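K.L.:
My structure is below; once you've seen it, I'll send some questions.
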Amino acid sequence: MKIDRKVLLVDDEVEFTVTLAKILSRREITVGTASNCAEALAQMESESGPFTVIIMDVSMPEVNGIQCLALIKREWLCSEVIILTGHASVNTGIEGMKEGAFDYCLKPINTSELLDKIELAFEKVLVNQEQSTQS
Amino acid sequence: MTGIIQWIKEVFFSRHDSALSPEELQAVFRARYRHFRALLTANNTALQAMADLELALQSKQTFSMAFVRARTTAVTVNVYKMVNHLNEMSGGRYRKLENILARINADIDAIVEAVPPVRSGEHVVPLHQVDRNSVDLVGNKMANLGEIANIPGMETPQGFVITVSASDYLLEANNLNPEILRLLQPLDPENLAAVYEVSAAIQRLITGSTLPADLERKIYSAYADLEKTTRAGVTVALRSSALGEDTTGATFAGQYHTELNVDPEFLGQTYKEIVASKFTSRAMLYRMKRGYRHRDVAMCVGCLAMVDSVVSGVVYSRDPERPDTSWCVVSVVKGQAVKVVDGTGTSYLLLVSRQPPHEVIQQEVTQQTGNSGEQVPLDLLTPRQIATITEAALVLEKYFGIAQDIEWTIDTRGRLIILQSRPMVYAEKGEGECHLQDEPDDSSAPPLLTGAVSASAGVACGPVFPVRSALDMLQFPKGAVLVVQHPLPEWAPILNRAAAVVAETGSIAGHLATVAREFKVPAVFGVPDALKTLSNVESITVDAARGRIYTGRLEECIVGDVQQPDLMAGSPVKRLLQNLMEFMTPLNLTDPHSPYFKPGYCETLHDITRFCHEKAVAEMFKFGDRDRLHRHAAIRLVEKNVSLDWWVVDVADGIREGVDLSYKMIHMNDIVSTPMRALWEGISAFPWQGPPSVCARGFGAILFQSTMQPGLDPAVGTALTEKNYFLISKNFCNLSVRLGYHFAMIEAYLSDLRTERYVAFTFKGGAADAKRRAGRITLISDILSRYDFRIDQKGDSLTARIEKRSIGFLQERLKILGYLSVHTRQIDMVMNKQESVDLYKNKFLTEIEQMLD
């Protein structure tokens, strides 16, 4: 069984998403980008969606990352979300986990750590798919 | 595989789930194993983050609030994951842990996110109403100045203070705090370019903000009052006075702006610039290095009538380099004192006796030429004025109870006016003892430069690196010698990277000299043409105490330890971390068989990790039900020449497929678990040669310990101690082993993902007395340190970890642990003699090297 190696980057810092998108593309990952929650939801519903893994900044205008995470998990339970926290409180990580985040990374990010977490998230989606097929 | 399925079926589902097919059982088991593996990874990450925090607290390394926040988040999130995984594995049996974790996390959050109380008080206060009790409103510098004004015989400039509640109001009214926090929190102090960028951005925010109209009115009203007691249109000096500044140990010398000769129409804008100077790059870096957060420092501004200075300077009531001597050190400059403290002026130095009539002991020009190339006359002060300055310094030292660093000026009417007084920074006796023991042979290696002013004692060597601009600073390599024209406070951000400092101008009274002493960086100032002379020299040795510079690195001549200062001692960030650790690292749940080993007794995050780990193992392998474990799970390892009782529990893919397990016996050839195979290589590499021969006293000690510590008696069985169990999967291995009187646990996960890989080792106990047991632990610790393990040793227990390395590297470490587990048996009995320790150490190291070859 295979999964779509598709990652959606959601962050209002365009420079960050562009840089990370280049890194991910080199690892044979299809990358989509969004700069806010509304764009992220639209991307998930678009032809290029849904994305298997979503990397989402917590600090975003209007709808923040935790709220957006809840909206995504409500519609796309199979997708895994990794949240990025910068200046948020130490409890933001746990808030994200409670809303169903797969994991978190601190900003400024450690690229290799984030890449590992993305691979683990892919692995989890694959396992979940296998389980649901078996049942 | 049939055997495994059968085991899974009987162990996990013998009572309720027997209707499940073997495939379903396997799927359920694999899901459980995934949670177990994820729990171990989370445990590893949480413990690693805790260890990082503990190390930061114990070492003298500086660390930032961003570091504390990042590691704390790593701990809390991973402990949360552990609780979730344990509940997934156990069908929610430990839900109570969730509430306990939430309570501990709330305590941690309250510490990390504590917001300082709202500071109330007047926005503007006349200086004559200020004293030491006003420090929380006006900052240390102005509180001291107000206090000095009240000492009979002391004069200070007239003026007023724009208080901390005013700067709070300015930031609040313009809603600047959230944006400042957003910019500051992810900032890495090692990334100078980013620090400069953020510094400029925040200063722009503040200087571009709007001064609230009511605050502006109050400032100008106070200024009008000042005009009445001085003269109309009086120009003023705006001096920073930060809260937390000038406390003993952290001087903040020269970190913030002072603006002289400010015309009244620029009062408002200059005030904002001084407030913004809290965020100069050098101030931000200084705060980060010394453990202060943005919120720990608030800016007050003293607005003082300008003094018509004729001569000014700085007086140290003690010699900062030789505090036990009997003289004061007076730096003298024509005009305003700022030229002394920023290192650009031409000054001369007087050593003045502390005893009346305060005669000059020595006089020297510390700087031949300043910016203007002016020559300084050496008779700027009369003997009477020198005595008056010295007396004032001694009065202030006595008044404040500590040696003082005082800025003074003498006006056109001949009055001595004190501009500032703060505790002096000097090397404590016994510190900074590093020096050149034997002077290098002058005939073969004469000093390249001599006669420099010792601004901060010590000796150091490194490559020469001239700095002329901020761009040069960005490229400054760690360990180089900073060579500059003027010792400006602007260079302070790279002091912690510099081995030593050489400046063409400056004196010991400058701000950079103060900070160099604080950071214990050797510094020589007043070295004419240093930039030119050193331009073609690759490396130099700076002997600051003697004021000499030698070509090349004379490391072999340096004696004494370089004393690294604990720059963060007592700082707000260090105190915060100390408070935080109370909720994190103490381990109260140590004995799984104790009646208190329950969720309700978890008081710290470490307790929760310990509990989750223990219960996860129990959930996974059902150790509580030993009969079933024996009957269904454990397989005896049968190997030649290994006498101990070894058993294997395969949790997934650790045994070659197709092996017949019906006889409950297995050979190593059938084991495919990578970590177990590596461990076994170490265990079986050399035969154990039996216990060491001991004297009667050593044997008596063992008997005594056995009676005192029944838990050490191998005959007292626990679930884990009767046999030695390997719990394995293809890339995981946990070995709990009790060899003789000691207990060892080795756990390794050689994941395909590097970030998940680890090898952990716990060793505890022994039969001998505490001293000998500790001796064995030290021996093991020494050996493991050589092989890159991170060691935590407490008494007779030791933990060693190594993570995120290549699989081959970790396999070699497992071999070493396997070897040590067997060969350190009972040697604690002879660990009272150094020759025995050396003998065993040599033997172990030799055999380990042979094994690894």
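Residue-wise test of (1) out of contact with any Cys (no Cβ under 6 Å at 6 or more places or on another chain); (2) within 13 Å of another protein chain (Cβ to nearest Cβ); (3) under 15 Å from A:Leu9 (Cα atoms).
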position: A:Met44; (1), (2), (3): yes, no, yes
position: A:Phe51; (1), (2), (3): yes, no, yes
position: A:Gly93; (1), (2), (3): yes, yes, no
position: A:Ile109; (1), (2), (3): yes, yes, yes
position: A:Val127; (1), (2), (3): yes, yes, no
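K.L.:
Ok, one more. Filter the stretch B:54-88 for residues that are of a type outside the set (Val, Ile, Thr) and at pLDDT 90 or above and give the result. Talk me through it step by step, then tell me what you get.
P.N.:
Here is the first cut: in the stretch B:54-88, the residues of a type outside the set (Val, Ile, Thr) are B:54-61, B:63-67, B:69-71, B:74, B:78, B:80-82, B:84-88.
The answer is B:Arg71, B:Ala74, B:Asn78, B:Tyr80, B:Lys81, B:Met82, B:Asn84, B:His85, B:Leu86, B:Asn87, B:Glu88.
K.L.:
Mind telling me which of the residues B:Ala498, B:Ala523, B:Ala452, B:Ala445 ends up being out of contact with any helix residue (DSSP H, G or I) (no Cβ under 8 Å at 6 or more places or on another chain) and modelled with pLDDT of 90 or more? Give the derivation first.
P.N.:
Details: B:Ala523 fails: out of contact with any helix residue (DSSP H, G or I) (no Cβ under 8 Å at 6 or more places or on another chain); B:Ala452 fails: modelled with pLDDT of 90 or more; B:Ala445 fails: modelled with pLDDT of 90 or more.
When all the criteria are applied, what remains is B:Ala498.
K.L.:
Output the number of residues of the stretch B:135-159 satisfying the condition of being over 24 Å from B:Thr235 (Cα atoms) and among the acidic types (Asp, Glu).
P.N.:
Of the residues in the stretch B:135-159, 1 are over 24 Å from B:Thr235 (Cα atoms) and among the acidic types (Asp, Glu).
K.L.:
Follow-up. Can you name the residue in the stretch A:53-91 that is part of a loop (DSSP other than H, G, I, E, B) and hydroxyl-bearing (Ser, Thr, Tyr) and, of all such residues, is farthest from the other protein chains (Cβ to nearest Cβ)? Reasoning before the result, please.
P.N.:
First pass over the stretch A:53-91, keeping only residues part of a loop (DSSP other than H, G, I, E, B): A:58-64, A:76-79, A:86-91.
Add one more test, that the residue is hydroxyl-bearing (Ser, Thr, Tyr), and what stays is A:59, A:79, A:89.
Working: A:Ser59: 7, A:Ser79: 19, A:Ser89: 5 Å.
Out of the qualifying residues, it is A:Ser79.
K.L.:
Quick one: which of B:Tyr399, B:Tyr426 is surrounded by 14 or more Cβ atoms within 10 Å (Cβ to Cβ) and at pLDDT below 80?
P.N.:
On the way: B:Tyr399 fails: at pLDDT below 80.
Every option except B:Tyr426 fails the conditions.
K.L.:
OK, next. Suppose we filter B:Val330, B:Val338 for residues that are outside the structural domain of B:Thr270 (by TED's automatic domain parsing) and at pLDDT 90 or above; which single one remains? Don't jump to the end; show me each part of the working.
P.N.:
Details: B:Val338 fails: at pLDDT 90 or above.
Within the list B:Val330, B:Val338, the selection yields B:Val330.
K.L.:
Does any residue of the stretch B:153-163 turn out to be on the phi < 0 side of the Ramachandran plot, away from every other protein chain (no Cβ under 14 Å), buried (at least 19 other Cβ atoms within 10 Å of the Cβ) and of a type in the set (A, V, I, L, M)?
P.N.:
Yes - at least one qualifying residue is present in the stretch B:153-163.
K.L.:
Which of (1) part of a helix (DSSP H, G or I); (2) small (Gly, Ala, Ser); (3) away from every other protein chain (no Cβ under 14 Å) is the odd one out, the single condition B:Ser120 does not satisfy?
P.N.:
B:Ser120 satisfies all of (1) part of a helix (DSSP H, G or I); (2) small (Gly, Ala, Ser); (3) away from every other protein chain (no Cβ under 14 Å) except (1).
K.L.:
While we're looking at this one, here's another question. Determine whether B:Glu374 is surrounded by fewer than 19 Cβ atoms within 10 Å (Cβ to Cβ), at pLDDT below 90 and in a strand (DSSP E or B). First the steps, then the outcome.
P.N.:
Working: surrounded by fewer than 19 Cβ atoms within 10 Å (Cβ to Cβ): yes; at pLDDT below 90: yes; in a strand (DSSP E or B): no.
Here the answer is no, as B:Glu374 does not meet what is asked.
K.L.:
Also, quick follow-up: Would you pick out the residues in the stretch A:25-36 that are of a type outside the set (S, T, N, Q) and either at pLDDT 95 or above or assigned to a strand (DSSP E or B) (or both)? Spell out the reasoning first.
P.N.:
Initial filter on the stretch A:25-36 (of a type outside the set (S, T, N, Q)): A:26-29, A:31-32, A:34.
Hits for the stretch A:25-36 are A:Val31, A:Gly32, A:Ala34.
K.L.:
Quickly run through the stretch B:403-416 and pick out the residues that are of a type outside the set (Asp, Glu) and surrounded by fewer than 19 Cβ atoms within 10 Å (Cβ to Cβ).
P.N.:
Filtering the stretch B:403-416 for residues of a type outside the set (Asp, Glu) gives B:403-404, B:406, B:408-410, B:412-416.
Of everything in the stretch B:403-416, those that are of a type outside the set (Asp, Glu) and surrounded by fewer than 19 Cβ atoms within 10 Å (Cβ to Cβ) turn out to be B:Thr412, B:Arg413, B:Gly414, B:Arg415, B:Leu416.
K.L.:
When you check B:Gly146 against the structure, is it of a type in the set (Gly, Ala, Ser) and either outside any helix (DSSP H, G or I) or touching a residue at least 60 places away in the same chain (Cβ under 8 Å) (or both), yes or no? Outline the logic, then answer.
P.N.:
Details: of a type in the set (Gly, Ala, Ser): yes; either outside any helix (DSSP H, G or I) or touching a residue at least 60 places away in the same chain (Cβ under 8 Å) (or both): no.
It is false that B:Gly146 is of a type in the set (Gly, Ala, Ser) and either outside any helix (DSSP H, G or I) or touching a residue at least 60 places away in the same chain (Cβ under 8 Å) (or both).
K.L.:
Working only within the stretch B:162-195, note down all residues that are within 30 Å of the chain's Cα centre (by Cα), touching a residue at least 40 places away in the same chain (Cβ under 8 Å) and in a loop (DSSP other than H, G, I, E, B). Step through it out loud before you land on a result.
P.N.:
In the first step, residues of the stretch B:162-195 are kept if they are within 30 Å of the chain's Cα centre (by Cα); the result is B:164, B:168, B:176-195.
Keeping just the survivors that are touching a residue at least 40 places away in the same chain (Cβ under 8 Å) gives B:164, B:168, B:180-181, B:184-189, B:192-193, B:195.
B:Gln185, B:Pro186, B:Leu187, B:Asp188, B:Pro189 - these are the residues of the stretch B:162-195 that are within 30 Å of the chain's Cα centre (by Cα), touching a residue at least 40 places away in the same chain (Cβ under 8 Å) and in a loop (DSSP other than H, G, I, E, B).
K.L.:
Could I ask something else about it? Determine which member of the set A:Lys98, A:Lys117 is surrounded by fewer than 19 Cβ atoms within 10 Å (Cβ to Cβ), farther than 13 Å from A:Asp57 by Cα and facing chain B (nearest Cβ under 10 Å). Full working, then the answer.
P.N.:
Numbers: A:Lys117 fails: surrounded by fewer than 19 Cβ atoms within 10 Å (Cβ to Cβ).
Result: A:Lys98 is the single residue among A:Lys98, A:Lys117 that is surrounded by fewer than 19 Cβ atoms within 10 Å (Cβ to Cβ), farther than 13 Å from A:Asp57 by Cα and facing chain B (nearest Cβ under 10 Å).
K.L.:
Can you tell which of B:Thr721, B:Thr674 is modelled with pLDDT of 65 or more, surrounded by 14 or more Cβ atoms within 10 Å (Cβ to Cβ) and either assigned by TED's automatic domain parsing to the domain that holds B:Gly808 or among the charged types (D, E, K, R) (or both)?
P.N.:
Values: B:Thr721 fails: modelled with pLDDT of 65 or more.
The match here is B:Thr674.
K.L.:
Looking at the stretch B:188-200 only, could you name the residues that are modelled with pLDDT of 80 or more and of a type outside the set (Gly, Ala, Ser)?
P.N.:
Here is the first cut: in the stretch B:188-200, the residues modelled with pLDDT of 80 or more are B:191-200.
Once the filter is applied, which keeps residues that are modelled with pLDDT of 80 or more and of a type outside the set (Gly, Ala, Ser), the stretch B:188-200 yields B:Asn191, B:Leu192, B:Val195, B:Tyr196, B:Glu197, B:Val198.
K.L.:
Additional query: Between B:Asp591, B:Asp543, B:Asp529, which is outside the structural domain of B:Thr45 (by TED's automatic domain parsing) and without any contact (Cβ under 8 Å) to a residue 60 or more places away in the chain?
P.N.:
So the residue among B:Asp591, B:Asp543, B:Asp529 that is outside the structural domain of B:Thr45 (by TED's automatic domain parsing) and without any contact (Cβ under 8 Å) to a residue 60 or more places away in the chain is B:Asp529.
K.L.:
When only residues in the stretch B:164-202 that are of a type in the set (Asp, Glu) and away from chain A (no Cβ under 12 Å) count, which is nearest to B:Asn140 (Cα to Cα)? Spell out how you get there, then give the answer.
P.N.:
Filtering the stretch B:164-202 down to residues of a type in the set (Asp, Glu) leaves B:168, B:172, B:179, B:188, B:190, B:197.
Retained after the next criterion (residues that are away from chain A (no Cβ under 12 Å)): B:168, B:172, B:197.
Values: B:Asp168: 17, B:Glu172: 23, B:Glu197: 29 Å.
Among those residues, the one meeting the criterion is B:Asp168.
K.L.:
Determine the pairs where a residue that is away from every other protein chain (no Cβ under 13 Å), located within the stretch B:34-49, has a partner that is outside any helix (DSSP H, G or I) with Cβ atoms under 7 Å apart, the partner being 6 or more residues away or on another chain.
P.N.:
Hits for this filter: B:Leu40/B:Tyr749; B:Asn44/B:Tyr758.
K.L.:
What is the one condition in (1) within 12 Å of chain A (Cβ to nearest Cβ); (2) touching a Pro at 6+ places or on another chain (Cβ under 9 Å) that B:Thr76 does not satisfy?
P.N.:
It fails just one condition, (2).
K.L.:
So which residues in the stretch B:504-516 are more than 14 Å from B:Pro493 (Cα to Cα) and in contact with a Ser or Thr (Cβ under 6 Å, 6 or more places away or on another chain), if there are any at all?
P.N.:
B:Ser507, B:Ala509
The values are calculated or read from the model by the stated rules, or taken from the named source; none is laboratory data. Note that this is a predicted model, so its numbers are computed, not measured. Neighbour counts are summed over all protein chains in view; Cβ atoms, including those assigned to glycine, are modelled from backbone coordinates with ideal geometry.
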